[in-house]
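None of the figures in this text is laboratory data; all of them are computed from the coordinates on show. Quick caveat: nothing in here was measured; it's all calculated off a predicted structure. A quick note on method: Cβ atoms are made from the backbone with ideal geometry, for glycine too, and the neighbour counts reach across all protein chains shown.
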Amino acid sequence: MTALANLRLPTRRYALGAGFTTEALKFFKYWIAAALVLAFALPFAVAQWNDITISAWYYAANAGKWFTAFVSGGFLFVLVPNMIATGLTRRELAVSMGLFGVLWSLALGAIACAGLLAERASYAAMGWSHGIDANDAIAPIGSAAETAAFGAHYPLLYLVYFAAGALVGAASYRWESAGWLLLVPVLPVVFSLDNALYDTKPVGPGWAGFLGGLIGDWGRGLIIALLLATAAALAAAAYRILIDIPLRAKKA
Amino acid sequence: MSFTVNLRGVSLRYGSEDALADIDLDLEAGKIYGLLGRNGAGKTSLLSLLAAFRKPTAGDVLVGGEPVWENAPIVSRVALIREGGDFDDSDSVKAVIEAGQIRPSFDTEYALKLAERFDLPLKKKVRDLSRGKRSVLAAVTGLAARAELTMFDEVHLGMDAPTRDAFYKELLAEYMDRPHTVILSTHLIDEVANYLEEVVIVDRGRLLRHADIEAFQGMGATLTGPADAVDALGLAALAEQRLGGTKSITVADALDAPTRERAAAAGIEIGPVGLQDLFIHLTDPERKAA
């Protein structure tokens, strides 16, 4: 964290939330740049031997969900002792993380959506099919408007993964050896909703999204509402764990 | 403004174990306190409650007259520096110092000045610092916090003797320049004794004694003189040292007038008791069992 310039008390939680976002984006800028270069260069390499029918950026954007979960969980795990020891209250830290989650998800979601649109233009120029692996069949994403609509869901998905990561990160700090077990209920819920939204298998252990097939027919509006409710529930659970979290004793 | 500290019926349990039990304690603002106790006595637990690192199982913890728990205007002006500091090891020393600016009162210029004085490499990662340098970084962030209640918990560990001496002097200079409440928790009792105004001793999770340093020193005496003459007084010694024909003993009881007269007549010098000797005596498990 650089150049904070002494923060004012009532608003420092918001300044910190914005600061976490800019610092995280700065810290991971080369990772994001590498994903961009790789996703855009790989199809040109593969095109030497095979037809290109599937979006490479789609995989990079989906990997961003895991990345987001690791960022939020990792940050929170480290920030709990650091921030509380620096005189921040748990409530202030929770608000900062909430703002960080929203801003990070918007920023990464914007990159994901813009990448899809840029990739669509690039694929169109090369005469390639811009599709996704929709449960074992290649389905075209569609027109530019449909691609934009497809990509517009990424901020929400990133937010859900951010909240899930924060919950597991907070639990892992609080219950040193058992906190990660919260993955057991969290992963199937998040994966199933992710699966249901796009009718695709999420990146990772796809079997964990087994409920996605059952709820995939409920309609996109309801699934989006469920994703919003899930993000809120995960955030509320993370807040509950965080609000009276004790700092661990130092080990010699 | 510096902070008072008030604990009322405070207990802290870790599972089924009492770390602190029924603690009542009042500390006036603007003094330097020594917090003493054997390993596991509850010193760190007590400090953790004052800094809202933990929530008490029972009782009230007031700092500056207000509950400290989740009280941003209070905790932002309370600094507890634990051994080795609470840092992200992947951060640079400079980043750790700058992170202190989360506190409205943090003095970055002062922190950088101290970093230079103590030879802290600003660009180095925390994980690459030696134990001593890491302790120095922790001490620097504590001093530069400019908090109203500053607590150092064994922060000197790993520092060499000249660095510790420089740290104590800087702490005292900062205290004189800006009176605030300071609590030093340490096992190097005689090393800090001259800086302390009051001493709090905890033992097995309970408050054993709280008094000003003169009262502690008056609880006993050190007698130095010819060995035969010292032995002839027949006093029960807590500790004794002998050099040639000269003997020095520490006793835990205040000397009565006749004993003082006999000692003076025998050429024995009477001085205040050493805080460390008294602490050892007061927390001796056999003494309490008896």
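Descriptive notes on the structure:
- Estimated Rh, region B:5-215: Kirkwood, alpha-carbon pairs, angstrom: 17.4 Å
- The C-alpha atoms of the protein assembly as shown occupy a region whose extents along the principal axes are 112, 45, 41 Å, arranged from largest to smallest.
- For region B:184-273, the alpha carbon positions stretch 41, 28, 24 Å along the principal axes, listed from largest to smallest.
- Tilt relative to chain B, helix B:131-144 - C-alpha long axis, 0 to 90 degrees, to 10: 80 degrees
- Helix axis angle, B:161-177 relative to chain B longest principal axis, alpha carbon, degrees: 80 degrees
- Cα gyration tensor shape of chain A, rounded if a/c is under 1.5, else prolate or oblate by comparing a/b with b/c: prolate
- Average partner coverage of B:67-76, which counts Cβ from other chains inside 10 Å: 4
- Rounded to 10°, Cα long-axis angle of helix B:108-117 versus longest principal axis of chain B: 60 degrees
- Mean residue ellipticity (222 nm) of the protein assembly as shown, computed from DSSP H runs ≥ 4 via -39,500 (n - 2.57), nearest 500: -15500 deg cm²/dmol
- A run of chain A free of exposed loop cleavage sites, with trypsin sites (Lys or Arg not before Pro) counted only in DSSP states other than H, G, I, E and B and at most 16 other beta carbons within 10 Å, reaches its longest extent at A:9-247.
- 29 Å Cα cut-off, lysine pairs counted over region B:5-215 (separation 8 or more, or different chains): 26
- Once you reduce region B:128-143 and region A:61-100 to the center of their Cα atoms, the two points are 25 Å from each other.
- Among beta bridges that DSSP assigns inside region B:5-215, antiparallel share in %, nearest 5: 55 percent
- Helix runs (DSSP H) in chain A reaching 27 Å along axis by Cα, Kyte-Doolittle at least 1.6: A:220-242
- Region A:124-180: chymotrypsin sites (Phe, Trp or Tyr not before Pro) falling in loop per DSSP and having at most 16 other Cβ within 10 Å: A:TRP175
- Within straight-line cross-link reach of A:LYS65, lysines at Cα separation under 23 Å, skipping those fewer than 8 residues along the same chain: A:LYS26, A:LYS29, A:LYS201
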